[in-house]
Structures are given as C-alpha cells and as structure tokens.
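One structure is given here, and the rest of the page talks about it.
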Amino acid sequence: QLKLVESGGGLVQPGGSLRLSCTASGFSLGLDYYAVSWFRQVPGKEREGILCISAAGQDTNDRYSVKGRFTISRDSVEDAVNLEIDNLKAEDTGVYYCAAKHYCSGAVDYWGQGTQVTVSS
C-alpha cells in the first residue's frame, strides 16, 4: 500500500536531540516529486505544523506554528526527509507525523502512522 513511514522517535532526556526520518513505501518522495511536511500532536493541543520542505529541497516554515529548534532536510541517498529536533523539552512530547504533498501549500496525499517522541528525565 502507498504510505509513509516515520522512524527515530523514542524516549529522550530534556536538552537532548534526535532525528526523525520519513520514508515512502510504494512510491518515492524524490522521484515522485513530493513535498513533505512534519506535524505533531501534543497532548492538549491541536495538530500543528512544524516545517515543510519542497520537492526541490527548499525549507518552507513561515506558515507553521512551531518555531525554533527544528531543522528539516532531504536525504536524496536514502530518499528520506528528516526532521532534527534540538534542545528537546518536555512540551515536545507527542506523536510526530510526516505527510506528503505535491506542494507545501497543498493538501496532504499521504500520511504516516506517526512516531512517538517522549521527552522525560
């Protein structure tokens, strides 16, 4: 089936860093020219956008509510889109999702199942 797969989540201590990865199953994020957004669902809050990267590899973040401590990048070798989170805080705890779109401003075509990030000492 056509889907996205997130990986890299887990239990991290406050102040730590991690890198989440998004890959496609059944299609190619690169060859099929998909933009990819990262979202998160934090307890008590609505799902919020973090960052989006275009198919050409340009960072688009001005429309998203989460700012700072996040870096998005494309890995052409692994055909993946990564999200690096630095200086993790307890409030970063939640489920992180990636979503494939034809454009960062467009509708989501495919969602991943999400990966749990828990920040706790």
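The values are calculated or read from the model by the stated rules, or taken from the named source; none is laboratory data. Note that this is a predicted model, so its numbers are computed, not measured. A quick note on method: Cβ atoms are made from the backbone with ideal geometry, for glycine too, and the neighbour counts reach across all protein chains shown. Areas reflect the complete protein model, heavy atoms only, side chains present, ligands, DNA and RNA absent. Shrake-Rupley method; radii C 1.70, N 1.55, O 1.52, S 1.80 Å.
Brief remarks on what is shown
- Alpha-carbon centroid distance for the pair the range 25-104 / the range 1-24, whole angstrom: 10
- A dipole drawn for the range 1-104 from +1 and -1 charges on Cβ atoms has a positive end, and of TYR34, TYR97, GLY44 the residue lying farthest that way is GLY44.
- In whole percents, the pair-distance distribution calculated for the chain from its alpha-carbon pairs, binned every 5 Å from zero, is 2, 13, 24, 26, 19, 11, 5, 1, 0.
- Given +1 at the Cβ of Lys and Arg, -1 at the Cβ of Asp and Glu and no other charges, the dipole of the chain around its Cα centre is 260 debye to the nearest 20.
- Between the residues ALA55, PHE70, SER7, the greatest Cα displacement towards the positive end of the dipole of the chain, with unit charges on the Cβ of Lys, Arg, Asp and Glu, is found for PHE70.
- Peptides 111-121, 75-85 ordered by average Cβ neighbours within 10 Å, highest first: 75-85, 111-121
- Whole-Hz Karplus values for the range 42-52 come out as 9, x, x, 10, 6, 4, 10, x, 10, 8, 9 Hz, taken residue by residue from phi with 6.51 cos²θ - 1.76 cosθ + 1.60 and θ = phi - 60°; glycine and proline positions read x.
- Accessible surface of the chain [probe 1.4 Å, protein heavy atoms]: carbon and sulfur percent: 45
- Packing around the peptides 24-33, 10-19, taken as the average count of other Cβ atoms within 10 Å per residue, puts them in this order, highest first: 24-33, 10-19.
- FRET efficiency for GLU46 and ASP109, using Cβ-Cβ distance with R0 set to 25 Å, rounded to 0.05: 0.75
- Per residue solvent-accessible surface (Å²) - the chain, probe of 1.4 Å: 53
- Count Lys and Arg as plus one, Asp and Glu as minus one, and take only other residues whose Cβ is under 14 Å from that of GLY9; the net charge is then -1.
- Relative contact order, whole percent, for the chain stands at 35, derived from Cα pairs under 8 Å and 6 or more residues apart.
- Dimensionless Rg/Rh of the range 63-119 - Kirkwood Rh, Rg from C-alpha atoms: 0.97
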